[in-house]
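The values are calculated or read from the model by the stated rules, or taken from the named source; none is laboratory data. Since this is a predicted model, take the numbers as computed values, not measurements. Positions of Cβ are backbone-derived with ideal geometry, glycine not excepted, and every protein chain shown enters the neighbour counts. Accessible surface is based on the protein model in full, side chains and every heavy atom, while ligands, DNA and RNA are left aside. Shrake-Rupley method; radii C 1.70, N 1.55, O 1.52, S 1.80 Å.
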Amino acid sequence: MCSRANGCLRSCTGLWGYNVGHSSQEQELSKILVETPVQDDTKTANDLSPIQAQRSWDRQAEDNVVDRLERIGLMAPRGEVDKVLETVVNNLEVTNNIDVDPEVRCRVMMTSTLESFTVGHTVVLSRGLIDVLPDEASLATMIAHELGHVVLGHRLDSSYAFFDQLLIDDKETFRHFGFARTPDEERAANTRAMQILNNSPYKNQLGNAGLFLAALTTREKEIPNLISPHLGDRVPVIGDLRSSMPVDQKQNPQAIVALPIGGRVKLDSWNDKLDLIKSKPVGTVAEREKMPFEVTPFMPYLMRYGTETSKPIAASAAAPSDPKTGEAAPGKP
Ligand SMILES: [Zn+2]
């Protein structure tokens, strides 16, 4: 990743995937399973209707793709960040009476390019995108767009359900997979996203999302690589949102319109696990301390490699987060 700030170039190369755990599927043959007595439920209604069969076929394709991306270290293993994203999905679904089957899941792609896409009913946001979003409402805006694709039934190529479609060289991954949508689909998803957001609990907090998109548009010439997606679509520019932003927020000097790369998601390069950074509030932020779309200076934090129980005493660790109040949610910059 790299960024240009005040004429000087700052860059940072991140390596990860030293010991990527091998993903869940395809290992069934090597597992020893002791068979337990099976209750045969064929008398109850568990045959698949044609629609259900189609859905489970699509889900198979989706699982295969996600699994493949995880095995080569492009997709983070399931973790805490996914759950935060899924909470936002749930907030949007409940308030809009959206009931999709199979349920919508979220995953994080490891790259720092700002992009998002859906693989079937799996919403994927890049690590870089989650980093730079200023608050939970802006995160909801990105997710609402992807949820729009899901609700509108924009599908994944179901031939990925055949395993041989995934037997590719790792280096070919970016060329083989492509989840970008057509301009028509993008427009439709933006319109649907606006409807979803206007019914959601975030409807009065969308000012920052508007400012974020405006800031991104202003900076896009300076950060061409950062905004060019590898697999999905670039950050959707939802026009209605920019026009609806309140005037007073434009002048608030404390408003942070975008965070730096590496400002939110913490990466364990050993096993690719992602977590949200928990730090103490920093107080008043000076103008030059804001680093929208820039690179966070990297401070290595060393700890002993050992058992899970020997947790280091992190200087930056805040009080344990309460999942109910959403303390861990990326809503509090
Ligand atoms: Zn899209």
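Some points to look at:
- Filtered by the rule that a residue be away from the ligand (no atom under 16 Å from the Cβ), open to solvent by less than 50 Å² (accessible area, probe 1.4 Å) and assigned to a helix (DSSP H, G or I), segment 218-243 gives a lone residue, R219.
- Total residues in segment 169-194, condition closer than 18 Å to V119 by Cβ and without any contact (Cβ under 8 Å) to a residue 12 or more places away in the chain: 4
- Subset of segment 92-121 that is within 16 Å of the ligand (Cβ to nearest atom) and small (G, A, S) - its residue that is nearest to V265 (Cα to Cα): S116
- Residue, nearest to the ligand (Cβ to nearest atom), within segment 169-182, restricted to residues that are part of a helix (DSSP H, G or I) and open to solvent by 20 Å² or more (accessible area, probe 1.4 Å): F174
- Tally, over segment 188-207, of residues that are part of a helix (DSSP H, G or I), away from the ligand (no atom under 16 Å from the Cβ) and open to solvent by less than 30 Å² (accessible area, probe 1.4 Å): 1
- Between E185, E146, the distinction of being surrounded by fewer than 21 Cβ atoms within 10 Å (Cβ to Cβ) and within 16 Å of the ligand (Cβ to nearest atom) belongs to E185 only.
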